[in-house]
Every structure is written in structure tokens, then in C-alpha cells.
1. Say we look at segment 98-107 and pick out the residues that are open to solvent by 60 Å² or more (accessible area, probe 1.4 Å) and in contact (Cβ under 8 Å) with a residue 24 or more places away in the chain; which of these is farthest from T74 (Cα to Cα)?
2. On the given criteria, is E110 touching a strand residue (DSSP E or B) at 6+ places or on another chain (Cβ under 8 Å) and not aliphatic (A, V, I, L, M)?
3. Considering only residues that are in contact (Cβ under 8 Å) with a residue 24 or more places away in the chain and not in a loop (DSSP other than H, G, I, E, B), which ones fall in segment 1-18?
4. Hey, among the residues in segment 148-158 that are among the aliphatic types (A, V, I, L, M) and farther than 28 Å from E110 by Cβ, which one's least open to solvent (accessible area, probe 1.4 Å)?
5. Here are A161, A145: which of them is touching a strand residue (DSSP E or B) at 6+ places or on another chain (Cβ under 6 Å), open to solvent by less than 70 Å² (accessible area, probe 1.4 Å) and among the small types (G, A, S)?
6. Go through segment 56-97 and count every residue that is assigned to a loop (DSSP other than H, G, I, E, B), in contact with a helix residue (DSSP H, G or I) (Cβ under 7 Å, 6 or more places away or on another chain) and either among the acidic types (D, E) or exposed (fewer than 13 other Cβ atoms within 10 Å of the Cβ) (or both).
7. Is it the case, given these coordinates, that S45 is of a type outside the set (D, E, K, R), modelled with pLDDT under 90 and either open to solvent by less than 50 Å² (accessible area, probe 1.4 Å) or more than 16 Å from the chain's Cα centre (by Cα) (or both)?
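The values are calculated or read from the model by the stated rules, or taken from the named source; none is laboratory data. Everything numeric here is computed off the predicted structure, so don't read it as measured data. All Cβ positions, glycine included, derive from the backbone under ideal geometry; neighbour counts span all protein chains shown. These area figures cover heavy atoms from the full protein model, side chains too; ligands, DNA and RNA do not enter into them. Shrake-Rupley method; radii C 1.70, N 1.55, O 1.52, S 1.80 Å.
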Amino acid sequence: KVVPVSINISRMHAHDTAFTQRLIQLAGEYNVPTSLVVLELTESSFLTNTDGMFTSMLELKKHGFMLSMDDFGTGYSTMTMLKNHPVDEVKIDKGFIDDIKNENVQIILEHMIDMLKALKKKIIVEGVELPSQQDFLLDHDCRYAQGFLYHKPMPVPAFEALLDGE
């Protein structure tokens, strides 16, 4: 079964044109549908050499890769980065859902979700561990989350068994 896979990309690799070309080459060599490969860049990756990063990101998008901004909401220039970079999805940092009982956090998270929806970004909330956190997200029409509520990290054979319905 073919499923999307996310790959964390380091700041160093995000600015490396040789790395970008190697990803493109490998996808072609192994006939990997690039639309199923999500390249995750932490929000802090967007803070240095933005021109080089922007060029690499556009090249990857041109070849069909999906781009994700990880740890959204933790940096100083979040809105500028979101405005200037062609990301497909945004992963909201788990610090928000961890403190969901705080009314201020609820307001911030609700408005982040609304803003990202208006920008037509796929939204994933990290760190969902409790049904009450899931309920908050569902109440705000946020349909994607990751966290221990769903599954803990697992070795490849266990993941393959999960996909096969075992």
C-alpha cells in the first residue's frame, strides 16, 4: 500500500542545491510519486538564507514535492515566513494543544486554524494525546493531527502490519 511519507529536512540540507537535485533524482530513479513525499522544514529553517531556501523550495514544488512548515507558532517571524514561502501544509507546534485548557491558548489556536484554512493550507496539529484535545480540534473543523492518541512511534514491520490491517 502506498501512503504519504514525511521527511524531516535539516536547515543545512534545505539550502543545499545538490541535496535538492539528489531528491529529484532519487524520486525519478525509484519512480516515487513526489506528491506523496512531504518535506518538513522547521519554522527556524526559514530564518537564514531565505533567498536560497526559496529557490530550493520552488524547485522541489515544481517537481511535485509537498512542503510543510513544522513547529508553526514557535518562531519570531511566523507570519512573514507564511506569507513569503510556498508551503502546502503547516504543522502547529504541540505546545498549543498541550495547554488547551488555557482560554488564551484556545483563542490563539482557533484563530490560527481559521487563518490557515483561509490561506488554503493543510493543517496538522502535533502532540494530540487526549480525547479532549481531539474534540477541540474537531469542533474547529481541524481534521488532521498526530500524537500518541493515534499511535506511538513504531518499527517498520509494525507499521506495515498496521497498513495491512493486521
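1. Applying the filter and picking the extreme gives Q106.
2. Criteria not met by E110.
3. Across segment 1-18, the qualifying residues are V5, S6, I7, N8, I9, R11, A14, T17.
4. Taking segment 148-158 as the starting set, the residues that turn out to be among the aliphatic types (A, V, I, L, M) are 149, 154, 156, 158.
If we keep only those that are farther than 28 Å from E110 by Cβ too, we end up with 154, 156, 158.
On the way: M154: 70, V156: 94, A158: 44 Å².
Out of the qualifying residues, it is A158.
5. Details: A161 fails: touching a strand residue (DSSP E or B) at 6+ places or on another chain (Cβ under 6 Å).
None of the others qualify; the one that does is A145.
6. Number of matching residues: 1.
7. Yes.
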